Amino acid sequence: MSRSRRLPDSVARLLVVFAFLAGGAVLVRSFVVPASLKEPGHHRHSTMAREAARPALYAGSETCRDCHDDVASRKASGYHRGLACESCHGPARAHVDDPGSVTPPAPRTRAFCPVCHAYDPARPTGFPQIQPVLHNPRKPCAGCHDPHDPRPPELPRECGACHAAIARTKAVSPHALLPCTTCHDVPREHRSVPRVAKATKPAEKAFCGRCHAERSPVAEAPKVDVESHGGKYVCWDCHYPHLPEAHPWTAESS
């Protein structure tokens with residue numbers, strides 16, 4: 001006497017779902033997907049024709065140089081040498097085709113330059129940044145800086161001109177009265193080419209020990225046994241140098 005075998009309900013339901021999805025995929029491919037998407041290869045053949053039919057909006061910096069060679073030469077040796085002309089002036093193809101009637105915009109408002117140069121901690125070290133509210137407020141950037149060679153009219157005298165966030169933090173810290181050059185050797189060229197001539201940073205615990213070691217002659221500085229304090233870690237692993245407060249776990253371990 002044979003016994004009929006019946007699929008478990010869970011397996012039967014799963015098969016129904018698979019059949020429904022497979023049928024839906026076939027229907028979508030047959031009636032919804034364009035024929036060009038079914039063609040073999042990495043790209044649709046219609047893509048090239050579609051993109052080629054779009055009107056050209058950008059002319060490219062090399063085209064700008066044909067008429068503005070004096071500006072292009074000045075820009076080529078300035079800080080904006082890697083920036084395309086149309087990054088600031090917008091698409092210029094129409095201007096190239098009809099220069100007498102179409103003039104590209106030249107940004108004059110103060111809001112334009114801070115799009116790149118307003119302070120942002122995520123930007124690379126040495127990138128020129130300002131606090132727009134504090135830096136020559138209400139004056140247009142082009143009044144002091146030539147946009148094609150935006151060197152400052154005079155070099156910054158204080159570190160806070162470029163490192164405003166650090167300067168504000170340090171101003172309320174125990175290190176407030178220490179000149180930045182106490183801990184950093186700053187080449188003269190750092191003020192004009194900060195990303196090329198970089199300031200030095202302490203590399204060893206012994207540097208902080210000049211003030212904070214037990215036998216340091218600096219009487220007002222807190223003292224620790226530099227050799228044992230913090231174990232294998234350097235001082236700035238636990239203490240932010242510009243605001244070197246002692247954390248609870250640091251105090252307990254000292």
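Before moving on, here are some points about what is shown:
- Neighbours of Val102, meaning other residues whose beta-carbon lies under 15 angstrom from its beta-carbon, give a summed charge of -2 when Lys and Arg score +1 and Asp and Glu score -1.
- Candidates Pro222, Pro107, Pro174, ranked by Gaussian network fluctuation over the chain, Cα under 10 Å, top entry: Pro222
- Rounded to the nearest 0.05, the FRET efficiency derived from the C-beta distance between Arg215 and Cys238 at R0 = 25 Å is 0.70.
- Largest GNM mean-square fluctuation across Glu220, Glu158, Glu204, computed for the chain with C-alpha springs under 10 Å, falls on Glu220.
- Rounded accessible area per residue of the chain, 1.4 Å, Å²: 77 Å²
- The chain: relative contact order in percent, alpha carbon pairs under 8 Å with at least 6 residues between: 11 percent
- Tilt relative to the chain, helix 9-31 - C-alpha long axis, 0 to 90 degrees, to 10: 80 degrees
- A simple spin-label model places pseudo-atoms 7 Å from Cα toward Cβ; at Asp70 and Ala142 they are separated by 1.6 nm.
- Within the set (1) 112; (2) 347; (3) 141, the number that volume of the Cα convex hull per residue in Å³ takes when calculated for this structure is listed as (2).
- Lysines whose Cα lies under 27 Å from that of Lys201, excluding same-chain neighbours fewer than 8 positions away: Lys170, Lys223, Lys232
- Among Lys139, Lys201, the sequence by solvent-accessible area, most first, with a 1.4 Å probe is Lys201, Lys139.
The values are calculated or read from the model by the stated rules, or taken from the named source; none is laboratory data. Given the structure is predicted, the values throughout are model-derived calculations rather than measurements. Note: ideal-geometry Cβ built from the backbone for every residue, glycine included; neighbour counts use all protein chains shown. Ligands, DNA and RNA are stripped out before the accessible areas are found, and what is left, the full protein with its side chains, is counted by its heavy atoms. Shrake-Rupley method; radii C 1.70, N 1.55, O 1.52, S 1.80 Å.
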